[in-house]
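Report on one structure; see the data block that follows.
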Amino acid sequence: MLNLTYCEKIKYELYYYPNVGVKIMTDTINNIPPINPRKVDDVKDAWDGIASDFSTDIDVGKIVGDDRKGSSLVDIVNLFTNRYDAIRKILRNQCGFRESNTISEVDKEKKRYRSYNIIGIITSSRRTKSGGIMIEIEDKSGVMSAFVRKEDSASQSLLVDDVVGITGSYGKDSDIFWIDRVQFGDILPKHINKGGKDFDPVSIAFISDIHMGSKYFLEDTWDKMMKWMNEDELAKNIKYLVMAGDVCDGIGIYPGQENNLIFDNAYDQYEMAARKLDLLPDHITPIILPGNHDAVRPAQPQPMLEHTIQQQFNSAIHTGNPCRANLSGIELLAYHGQGMDDIIPKLDHVTYENSIEGMKEMLKRRHMTPQWGERSALSPEQQDDMVIKDVPDIFVTGHTHSHAYEWYRGVPCVVSSTMQGQTDFMNMLGYASQKGFLTLYNIQNREAKVVPFHANDDIDF
C-alpha cells in the first residue's frame, strides 16, 4: 500500500492488476494522480511523450573518487580547508552572508555589544546545563568559543564539521561570544528548478538497493517491474533509470552475510544484475552508482565499479557516488546516502523511516556527509566532492530502504525504494522497509508519479 505521504489527497482502493500481477490503485497506472511542485508550467500531455522519439543526452561530468592525494594529516586538513572555502563561497555569494571580521580580529577587538559576522567550521560542541550549546568555531585565522541559546533552533541542529555563518556579540561583563543568528548555506526559499516547455516530455525513473545476490532479493517484484516497463503505456515515457547504489548485496559487508547469499562471489552477483537489466526496453538507459554494499571502497566519495564489472553490462552508464549528471538538460544529484548514518543519531527529527528529512538537512548544510570520523568514512581527495556547490534540479538517495518524494525549496527530493525484502535485521529493529515503489519524475512538467510493485505485507514483528 502506498505510504500516506503520497496519498493524503487520493482516495484509493486496491485491486489485482493482471498485466503485472501486483496490487495497485483503482485508477489505471496512467491515471495515477501526480505529485506536484509548488509551481508547474502550464504543460499538458507531458506524460504522453514517447521516450524513444527523443535523443538520449547524458553528461556524467566528473567521476568522483579518482583523485585521492594521500592519507596524511596534511591531506585531511586540506580536505577540510577545501570544504570551508567552498561553503564559505556559497554563504557569501548565494546567501548574502559576509564576514565583518576574521576570528583573530574579533578575538583581539572584543568590543562589547558590537555585532560581528563570522564564517567558520564547527570543531566541537557540548550541551550546557542551561540547555544551550557551547561550540568551538574555526576559520583560517584562529579558533573561538561561542554560545548558542537553547531558544535558538540551531542549538538542536548544529553538527560538528558544519560550515556556518554566525552573528553575535560579547556581553557587558563577559568573555563569552553570544550567538544571535546562525546562517546555513541553505537554498534560497524562492528557488525553483529547471523544467517546462523547453525540455523533452520524458521522465526519469528511480530505484535503489536492489541487493541482487541476496536471498532477500525480490526477484518476482523486479520481474513484474520489468514486464510493466515493456508493456505499459506510461513506461514508454521513461528515458532513464537511475539505480542509486547497492545494486548487489556484496561480500563480507557484515558478519554472517554468507548465510544470506545466493551467490557468494561478487562477479556472479553482478552477472545476475547485468542479465536482469538486459530485460529493459531499448528506450530506457540505466545509470548505476555504487553504494556501501557494492564492490568498491567504503570511503566516500566512492569510485565507479571496476572495468571488469562494467564489461558485464551491455548498456548501463556507470558513475561514482555521488553522481552529478546532466540528463536531457536536467542536473541530477544522485547519492547512495551513507551520510544518513551520521545525521540520524544526531538529529531527533530524522529517522530511517523519514530519511527525506535528512536529505533536506544535506541541502540545508550543502554537504552530503557532514561529519568526519563517525560512521561514514571520508576519503581525503584533492577537493571535497561531498559539498553541494550547485543546487540540483532533482536530488535522489537510497540506502535507508524507505521511500518518499517531497519538494524542498524548489528541489524535488526522492528517497528511492528498495528491491530487498524484509530481513531478519530489520525485523529485529522493528523497521518496516518500503519495497517495490518506482518513482517517476517528468522533466517537462515537474510532476512525479509513484508506481507500486510490491504489497509490503511481509512484515514479521
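Quick look at the numbers
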{"quantity": "Residues located in the stretch 247-270, provided they are buried (at least 22 other Cβ atoms within 10 Å of the Cβ) and either more than 28 Å from GLY329 (Cβ to Cβ) or of a type in the set (S, T, N, Q) (or both)", "calculated": "CYS248, ASP249, GLY250, GLN269, TYR270"}
{"quantity": "Qualifying residue in the stretch 215-231 (condition: modelled with pLDDT of 95 or more, in contact with a Gly (Cβ under 8 Å, 6 or more places away or on another chain), surrounded by 21 or more Cβ atoms within 10 Å (Cβ to Cβ) and in a loop (DSSP other than H, G, I, E, B))", "calculated": "yes"}
{"quantity": "Any helices (runs of 4 or more DSSP H) falling wholly within the stretch 339-430 and containing at least 2 residues that are assigned by TED's automatic domain parsing to the domain that holds GLN444 and either surrounded by 19 or more Cβ atoms within 10 Å (Cβ to Cβ) or of a type in the set (Lys, Arg) (or both)", "calculated": "340-346, 356-365"}
{"quantity": "Residue satisfying condition, being more than 16 Å from GLN420 (Cβ to Cβ), assigned by TED's automatic domain parsing to the domain that holds ALA334, crowded, with 18+ Cβ neighbours inside 10 Å and not aromatic (Phe, Trp, Tyr), within set ALA273, ALA235", "calculated": "ALA235"}
{"quantity": "Count of the stretch 94-131 residues which are assigned to a helix (DSSP H, G or I) and either assigned by TED's automatic domain parsing to the domain that holds PRO370 or surrounded by 13 or more Cβ atoms within 10 Å (Cβ to Cβ) (or both)", "calculated": "5"}
{"quantity": "Check on ASP294, assigned to a loop (DSSP other than H, G, I, E, B) and touching a strand residue (DSSP E or B) at 6+ places or on another chain (Cβ under 7 Å)", "calculated": "yes"}
{"quantity": "Pair list, Cβ under 9 Å, 6 or more apart: the stretch 203-231 residue touching a residue at least 12 places away in the same chain (Cβ under 8 Å) and over 22 Å from LEU261 (Cα atoms), other residue in a helix (DSSP H, G or I) and polar (S, T, N, Q)", "calculated": "SER203/ASN237"}
{"quantity": "Selection from the stretch 247-271 of residues that are of a type in the set (A, V, I, L, M, F, W, C) and within 26 Å of the chain's Cα centre (by Cα)", "calculated": "VAL247, CYS248, ILE251, ILE253, ALA266"}
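The values are calculated or read from the model by the stated rules, or taken from the named source; none is laboratory data. Since the model is a prediction, treat every value here as computed from it, not as a measurement. Glycine gets a Cβ as well: all are built from the backbone with ideal geometry, and neighbour counts include every protein chain shown.
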